[in-house]
Every structure is written in structure tokens, then in C-alpha cells.
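Colleague: Below is a structure I'd like to ask you about.
The values are calculated or read from the model by the stated rules, or taken from the named source; none is laboratory data. Just so you know, these numbers come straight off a predicted model, no measurement behind them. Neighbour counts run over all protein chains shown; Cβ positions are idealised from the backbone, glycine included. For accessibility, only protein heavy atoms count, side chains too; no ligands or nucleic acids. Shrake-Rupley method; radii C 1.70, N 1.55, O 1.52, S 1.80 Å.
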Amino acid sequence: MKIARNDPCPCGSGKKYKACCKVQDEVRARARALIGEDAFDEAEATWTAAAREAEVWAADLAPTPGYFGKSPDAVPSLVMVTAAGFVVHSEMLPYRPAGPGERARAVAAAVNAATRVVGVLPRRLEVPHEELVEALGHELVGRGVRVEYGDPEDLFEAMNEALASVDPGVSQGKMAVALTWRETEASGHELADFHEAAAAFYAAAPWASEETEGPFLLDLPRESHEHLPGLDLPERHQWAASVMGSMGESFGLALYSQPSDLADILTADNSLEAALEAIGFSITVDFDRKSELTRPMQREIAAARWPIAGSRAYPRLFGFGLPGRRVTARDVRLATLALRAIAVHACGGDTLAETGVAVTPFDPEAEVESREDWFRFPDQAQPIGPEGPGAELEAGLRAWDTDEQGLQVEAAEEERFGRFVGWLEGQERSDVEKEADRQNARHWADFLGRILPAGAVTEYDLRLFLYNYYPRKADATVGAIRELPRSMRVIVRFLEEREGIRYPFASGVLEELEGIEARAREQDEPLEDTLKILSYDIYEYLNTRVLLPVDDSPGVPGGWPELMTIEVAQLRQELQRRWLLWFEGIVRNGEVDHAVLEEELEALQREWETTPHPRVDGRTPAEVVAAQQEL
């Protein structure tokens, strides 16, 4: 029987069909027509069966990354429901709900739509926003669903992937943009203060002088950081601030919750994209013409009559990596404080007396003091490779030879992760410890990816995981980070007991990690901060340990470049793996003097660089690198 537009929706939401599930039904109908009825029904049957068995579902709502000027009326958001690891409902809303009540209604509508497809309601629904629990429970009252706070990893990853798919830029879904001031849930008074501070900042033009453009450290009160995970809660916290505008193009102020993040951007030799990958939390105010704002935002400003400093001085607010993926009232208040402080500083005033914020110069070069001495330096070179029946050091050379081999490695490591999860269930540990171990094993498997089988891991790879990949790319929870030393011992034990892969070097590396944790604890420094700081020194350390190939190449001006073509990058990857193989072979044959070891390794590298390589049509690696340098 066909459902009319104005009929009550069959999902039980109480809304009319046209205002509830009509659009979703039309999308499913188009998908069915596109891929065929049989294929659609078979795929749907698989995940709906799993979802029906799941007692716990999860749901989230987040603004999508916005692009100014593309569609002045567009202020979209994404709502998603997951069950049993599957996305059972995902919908792009043409608006951004503001306030717990509106957001809860949008999530409840998504749950009802998912219920129509799956056929049952869950016993429990988890949402990653505590302020929604009560409101969402009210929306679902009488339906037998208990709403609780929770942040399941499958929902988190699915939302990240979906948001990244609509954000092709550098931020890859990590940017949150306020496209209406209402969505921040800041009060009218707070928004008026923000616009007043923005106008004063623009009028002060701090970008016009080297003395006032910074960068700076801003000593801000607790409220400025209490909502950011991974930070302790002292009474005050230092944010780094960078004034934009000295180039005469984009004017504004960027704030970074960790000064080291700004140091990364200002001092990194790599591209801006690589630097942005490491950012924790940042908030930016910039200025543009009124026409560049969304129409809803234009209407808000006109109705409220907030002060604007000029035709090109309409402020906008966005964040990178913000908790909850949205700009909130706290971010508005933080930006207001920072704008006022920098404006006062630019005018020669006393920022602490006038705004309560101390502003001091920031030297990014001196921000991160070397901690290379926190690592251990053995007097003699030691074996760095795996042992046991499952060890296969040379597999690291073959894994990325072809897409098929890479996919085989990825599939094998996914199966290994599944075996680890099953083995973990049988261990006598608390649920909290098991969850941290599972999360850290997930990050370990993701690190190995399509490139490196577990049987080919060396000390170089373990260190790179702990001190580069994990603190910069893993998006680990605070609970998982602080269990990392113990979790890695569990993972290493599983590999040895069940997979036949033994890492003789792991004991020393993990003892070192535990010592680093204890040393940081004495300084009242969280492990997540320590790992981030050590990430600045890991490559220097690896180089001192003779675990990195030589950068220069005789006859090739500039040697191996920092920015590489895919062809050159693949050769550089191969060189790194071969260097580790040569290292292991030389040390196993009895040479343990680092100086002699380095000489022998460099000789092998030069021979490899000047030998015709089948991967590049018989050219030598040196010739390929030289050809790129000439471009």
C-alpha cells in the first residue's frame, strides 16, 4: 500500500511521512534501481540481520564542513546511526539543529528511520554528547530504549569517514565551521561581545607591525580548555596565537591549544598538509565581505545590529579537530578573550590588567626542548629484527610491490587483529583494560596497514609507531594512551604465544617507554603530551642509532628530496626496508661498532643506488632521483 505524503510516518515518530522517512525511502529506491534488486536485497539482509541482534545502537550528529560562497543558504549537518558495526542510517540534513532539544529531535528521527529499515528498536542507544542524553530520552520515551552516554569506535570512525568524504581539502573532515551564529548556542550577549572584540581587533590591525603580529602565548583561564580532552585542568592554560594578515591576504587570529602545534607549522620543513595532520585543537577567527557569509548568518548580524569594523571585516569562526566536531559557545567566549587581548597588546595597553589575559612573545624554535636523551643509546649495535617461525623480515620488501600484495597484507593483519580480540576475551583483565588493549591493537594494525606484515616488524618500526604514528595520527583516546605501555606488552605477548612472532628488541623498547612515563609523571606531565614532545626527536634519535639511510647521493644535487613523486617515494621506501635488512645481517654476523656499521651500510646503499632497478624500467635509483630534481 502506497503511503501518502501527509499520512503518519510508519516509523512511529508521530510525524507526517513527508517530514520524516520519505526522503530516505526515495534514496533506498534509487539505490535498489542502481545496483539491482537482488544485489540490494542480499546486502541489506546481511546488515539488517546483524543489526536486529544488536542490543546497543549508537548515534551522532555533527555539522558538515562548510564552504563559504558556494551556496549562501546551505548550512548542512550529518546524522548517523550504527549497529553491530554497520551504518544503519545516514542522512544529510539541510539545517543545523541548535540546542539539546533540537539536536535530540534530529537524532531521534534518525533512530526512527533506522528502525523502519531494521524492524526493531535497540534496548540501549549510546550518544557521544552527555548534554543530549536527557533530551533524547524524552524524545524516545515509551519506546523501551534506554539512552546513555558513550562513544563507540565504529561510530566515531564512520562519522570521520563520512565527513572526510565531503571535505576534499587538507582538513579531511576535521574542520568545524560555524555557518550560523545560532548553532554555537552562545547567548545574544556573548555574540555581541564577540563581534565587539572582533571589530576592535580589526581596527587595531596587529598584522601591520612585526612587534604586534606575534606569535604569542596567551595565558587563559580554565574555561578556555576544560572541554578539550587530553588536557589536565590547571587554573590557567597557555594557548599559542598567530596573527594573520602580514601578507595582505587573509586577516584574523588563529589559536592553538598546544603551542607545539603552532611550532610545527612555523618551523616544519614539510608541507602545510603534513603539519596540519598533527594539530590537536585550533580555533580561528578570520574576516571577509558580507557576501561571503551564509545568508542565515547575514540575517542574524543585521537583526542583532552587531558592530562590524568595515565592509571586509565580517568575522567568521571555525575550528580544527574540535571535540564534538562543532563550534560551541565556549569557543565563542575563548575567541572573544583572545581578540580583546591581542587588540589591547597592539595598542600598547596592559593586557593582564585590561582583559585578564597575559600576552607574551612566543619563540617556536625554542618551544620544544630536545628530549633525545630520554631514549636509550646502547654502546654496541644490537639485532633489530623479529625471530620465530612467524618472522619474515624480507616480507617488508614485497608487501607494496603490487596492489594485490598490499591487499593481502592488509587482509592478513585484519584477521590477526580479529584473533587478538578473541584471545583477549579469555584473559583475566578488567573490562577497562581490555578495551584499552583492543583500541591500541587497532591502532597497531592500522599502522601496519597494507605495507608491513607483523612478521617483518623491526625495532625501527616499533619506535616509529610509539613516537610518531601514535601521538600524531592515531586519534587515540586518553584512556588508551595512558594504558599504552601495558597494552604493547600484551600485544607483543600475543604475537609470540599465538602467532609465532617474537620481537627480542621489544623488551628494551618498552622498558624505556615505562621509564619515560615515570619520568614524565614526576614532572606532572600526561603521557599523551610526553609522546607528542618526543615525536620531535624520534628521527634524530633513529639517525643516531644508524637506523636511517643516508640522505645524500653522489652525483645527485640535493640528494633524496623531501617532496617526492610516487616513483621516488616507492624507491625511498624500499631503501629504508633494505637498510634495515642490511643492518640486521651485519650485526648478526658480529659487527657491533656503530661507526663501522654505518660505513658498511652506506657502501651497500651506494651500490643499490647505482644498480639498474626493474621497478623503474632498468634505470638506477640515482638516475630517477636526479630526473625529479631536474623538474
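Colleague: For region 568-581, indicate whether the set of residues that are aliphatic (A, V, I, L, M), in contact (Cβ under 8 Å) with a residue 40 or more places away in the chain and part of a loop (DSSP other than H, G, I, E, B) is non-empty. Break it down into steps so the answer makes sense when it comes.
Modeller: Residues of region 568-581 that are aliphatic (A, V, I, L, M), as a first pass: 568-569, 571, 575, 580-581.
Still in the list and also in contact (Cβ under 8 Å) with a residue 40 or more places away in the chain: 568, 571, 575, 580-581.
This time we only want the ones that are part of a loop (DSSP other than H, G, I, E, B), so: none.
Among the residues of region 568-581, not one is aliphatic (A, V, I, L, M), in contact (Cβ under 8 Å) with a residue 40 or more places away in the chain and part of a loop (DSSP other than H, G, I, E, B), which makes the answer no.
Colleague: Tell me which residues, restricted to region 499-543, are open to solvent by less than 10 Å² (accessible area, probe 1.4 Å) and without any contact (Cβ under 8 Å) to a residue 24 or more places away in the chain.
Modeller: Ala520, Thr530 - these are the residues of region 499-543 that are open to solvent by less than 10 Å² (accessible area, probe 1.4 Å) and without any contact (Cβ under 8 Å) to a residue 24 or more places away in the chain.
Colleague: A further question follows. From the list Val177, Val111, Val145, which one is within 26 Å of Arg330 (Cβ to Cβ) and either open to solvent by less than 10 Å² (accessible area, probe 1.4 Å) or not polar (S, T, N, Q) (or both)?
Modeller: Details: Val111 fails: within 26 Å of Arg330 (Cβ to Cβ); Val145 fails: within 26 Å of Arg330 (Cβ to Cβ).
Answer to the selection: Val177.
Colleague: Looking only at region 608-628, which residues are in a helix (DSSP H, G or I) and surrounded by 15 or more Cβ atoms within 10 Å (Cβ to Cβ)? Talk me through it step by step, then tell me what you get.
Modeller: The first filter runs over region 608-628 and keeps only residues in a helix (DSSP H, G or I), leaving 608-609, 614-616, 621-628.
Matches in region 608-628: Trp608, Glu609, Val616, Pro621, Ala622, Glu623, Val624, Val625, Ala626, Ala627, Gln628.
Colleague: Select from region 153-174 the residues that are touching a Lys or Arg at 6+ places or on another chain (Cβ under 9 Å) and buried (at least 20 other Cβ atoms within 10 Å of the Cβ) and write down the one among them that is modelled with the lowest pLDDT. Spell out how you get there, then give the answer.
Modeller: Residues of region 153-174 touching a Lys or Arg at 6+ places or on another chain (Cβ under 9 Å): 153, 159-160, 163-164, 167, 173-174.
Filter again for buried (at least 20 other Cβ atoms within 10 Å of the Cβ), leaving 159, 163, 173-174.
Numbers: Met159: 80, Leu163: 78, Gly173: 60, Lys174: 73.
In this case the residue turns out to be Gly173.
Colleague: Restricting to region 291-310, give me the number of residues that are modelled with pLDDT under 90 and open to solvent by 40 Å² or more (accessible area, probe 1.4 Å).
Modeller: Total satisfying the criteria: 3.
Colleague: For region 202-213, which positions are in a helix (DSSP H, G or I) and either modelled with pLDDT of 95 or more or in contact with a Ser or Thr (Cβ under 6 Å, 6 or more places away or on another chain) (or both)? Break it down stepwise before answering.
Modeller: Pass one, region 202-213, residues in a helix (DSSP H, G or I): 202-204, 206-208.
Of everything in region 202-213, those that are in a helix (DSSP H, G or I) and either modelled with pLDDT of 95 or more or in contact with a Ser or Thr (Cβ under 6 Å, 6 or more places away or on another chain) (or both) turn out to be Pro206, Trp207.
Colleague: Is there a residue being touching a Phe, Trp or Tyr at 6+ places or on another chain (Cβ under 7 Å), open to solvent by 10 Å² or more (accessible area, probe 1.4 Å), in contact (Cβ under 8 Å) with a residue 60 or more places away in the chain and among the small types (Gly, Ala, Ser) anywhere in region 313-331?
Modeller: yes
Residue by residue, here is whether (1) over 22 Å from Thr284 (Cα atoms); (2) free of Cβ contacts under 8 Å to residues at least 40 places away in the same chain holds:
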position: Ala338; (1), (2): no, no
position: His345; (1), (2): no, no
position: Thr355; (1), (2): no, yes
position: Phe377; (1), (2): yes, no
position: Gly388; (1), (2): yes, no
position: Leu407; (1), (2): yes, no
position: Glu413; (1), (2): yes, no
position: Gly418; (1), (2): yes, yes
position: Trp423; (1), (2): yes, no
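Colleague: Right, something else. Could you look through region 555-607, keep only residues that are in contact with a helix residue (DSSP H, G or I) (Cβ under 7 Å, 6 or more places away or on another chain) and of a type in the set (Gly, Ala, Ser), and pick out the one that is surrounded by the fewest Cβ atoms within 10 Å (Cβ to Cβ)?
Modeller: Gly555
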